[in-house]
1. Under 6 Å between Cβ atoms, at least 6 apart or on separate chains: pull out the pairs that start in the range 251-269 with a residue that is without any contact (Cβ under 8 Å) to a residue 12 or more places away in the chain and away from the ligand (no atom under 12 Å from the Cβ) and end on any residue that is among the charged types (D, E, K, R) and open to solvent by 50 Å² or more (accessible area, probe 1.4 Å).
2. Gly72 passes all but one of (1) open to solvent by less than 30 Å² (accessible area, probe 1.4 Å); (2) touching a Lys or Arg at 6+ places or on another chain (Cβ under 8 Å); (3) closer than 25 Å to Thr359 by Cβ; which number fails?
3. Considering only residues that are open to solvent by less than 20 Å² (accessible area, probe 1.4 Å) and at pLDDT 95 or above, which ones fall in the range 26-69?
4. Quick one: Leu254 ticks every box in (1) crowded, with 16+ Cβ neighbours inside 10 Å; (2) of a type outside the set (Asp, Glu); (3) within 22 Å of Thr193 (Cα to Cα) except a single one, so which number is it?
5. Keeping to the range 19-64, report how many residues are on the phi < 0 side of the Ramachandran plot and part of a loop (DSSP other than H, G, I, E, B).
6. Being surrounded by 13 or more Cβ atoms within 10 Å (Cβ to Cβ) and assigned to a loop (DSSP other than H, G, I, E, B) is the filter here, so list the residues in the range 125-143 that pass it.
7. I'd like to check something: does the range 144-167 contain any residue that is modelled with pLDDT of 95 or more, touching a Pro at 6+ places or on another chain (Cβ under 7 Å), surrounded by 21 or more Cβ atoms within 10 Å (Cβ to Cβ) and within 28 Å of Thr208 (Cα to Cα)?
8. Quick one: count up the residues across the range 75-115 that are in a helix (DSSP H, G or I), closer than 24 Å to Arg147 by Cα and either acidic (Asp, Glu) or open to solvent by less than 30 Å² (accessible area, probe 1.4 Å) (or both).
Amino acid sequence: MTQVFVVNSGSSSIKYQLVDLESGTSVMGGLIERIGEPGSFIADHVEGMQIVLDELGEGRDILAVGHRVVHGGSAFAVPTLIDDAVEAEIDRLSELAPLHNPANLLGIRAARAALPGIPHVAVFDTAFHQSLLPAAYTYAIDAELARTHQIRRYGFHGTSHKFVSEEAARVLGKPYAELKMIVLHLGNGASVTAIDGGQSVDTSMGLTPLQGLVMGTRSGDIDPAVVFHLKRHAGLDVDEIDTLLNRKSGLLGLTGMNDMRDVQEAAQQGNADAELALQVWRHRIRHYIGAYYAQLGGLDAVIFTAGIGENNALLRRRALGGLAHLGIRVDDDRNELMSREARVISPDGARVAVLVVPTNEELEIARQTASVV
Ligand code: AMP
């Protein structure tokens with residue numbers, strides 16, 4: 001019995017995969033969309049889950065169900081067997097992830113009701129970063145207020161950062177526990193993590209997934225005073241500013257386009273806004289590489305993953321160009337080779353290995369789920 005059912009429940013969608021642990025492959029999978037939306041025939045997550053289970057079929061021998069949960073706060077540093085108390089704690093943490101945790105919970109409740117006989121495990125996006133030390137996760141604000149409202153850096157994409165860094169160690173043939181690495185997860189959401197001996201020691205996302213790199217629609221780092229300025233001088237209220245920074249900023253805000261492929265094409269055709277967006281995107285990445293190199297006190301590997309990181313050789317080269325003084329170099333032929341495999345793209349003998357490692361969050365969730373049951 002080596003199959004784990006992985007569920008990623010969003011506010012109006014359920015993404016699912018049946019992962020075979022022995023082969024490390026997905027046996028089946030899919031996406032149910034538009035749950036509860038006007039005109040949709042799927043009323044709620046219970047109905048959605050029933051459709052998923054019908055598709056899954058009878059008589060499957062499933063070891064456990066692994067649920068992706070976005071925010072585990074400071075409560076969850078490891079994958080956790082779900083009972084009513086864990087459900088309640090995930091609910092309580094909705095304060096920190098109002099869009100994500102309630103949606104994750106809908107999936108958990110529907111799946112636990114439909115599959116009561118097997119263990120359900122929560123795998124948290126924040127868990128891998130619970131190893132951050134106070135110096136890295138503390139914001140320099142009123143300490144009492146921060147404690148009361150759980151305000152600190154948590155970090156996200158942890159499942160991906162963990163998976164690709166372990167894969168990179170395997171590809172390099174070196175012990176994970178001895179490597180200093182910087183992982184660039186560059187997808188629609190994007191984050192950088194510094195990993196020392198298999199522990200996350202710093203990461204660019206913060207209390208929420210808004211901080212850090214330039215993303216598809218998120219601003220990443222800004223001076224917090226921009227928020228006051230927008231309120232006082234642009235007449236926006238807090239919810240409008242939230243929407244602006246989370247949904248209308250980043251590449252979209254700078255260019256009107258949120259897909260990096262479109263931005264790159266526009267830049268190639270001479271669109272000045274698109275070119276500037278690429279420069280800001282690159283500038284921010286290099287800011288973090290420099291910072292994390294210093295924090296790590298050395299560097300063995302830089303790893304690219306997710307939509308942009310896995311697929312775009314030109315942007316990888318652009319991101320790391322001119323960093324030879326740090327020992328970071330990219331071999332153009334290796335970089336341009338298209339592949340679905342984890343691979344090294346730095347030249348032989350380079351001080352820092354540069355790798356492309358396709359992420360596989362479902363497989364990582366399945367593995368972590370199995371580790372608990
Ligand atoms: P992810 O969030 O990892 O699924 O990544 C999705 C994002 O990756 C999309 O929004 C695209 O902007 C980006 N992407 C995918 N393929 C490419 C590519 N070949 N070049 C640039 N960006 C890409």
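1. Sorted first by the residue in the range 251-269, then by its partner, the list stays empty.
2. (2)
3. Ala64, Val65, Gly66, His67, Val69
4. Condition (3) is where Leu254 drops out.
5. 15
6. Asp125, Thr126, Leu132, Thr138, Tyr139
7. Yes; the residues of the range 144-167 include at least one that is modelled with pLDDT of 95 or more, touching a Pro at 6+ places or on another chain (Cβ under 7 Å), surrounded by 21 or more Cβ atoms within 10 Å (Cβ to Cβ) and within 28 Å of Thr208 (Cα to Cα).
8. 9
The values are calculated or read from the model by the stated rules, or taken from the named source; none is laboratory data. Since we're looking at a predicted model, the values are computed, not measured. Methodologically, a virtual Cβ is constructed for each residue, glycine included, from the backbone with ideal geometry; neighbour enumeration extends over all protein chains shown. Each accessible area value is taken on the protein alone, full model and side chains, heavy atoms only, with ligands, DNA and RNA left out. Shrake-Rupley method; radii C 1.70, N 1.55, O 1.52, S 1.80 Å.
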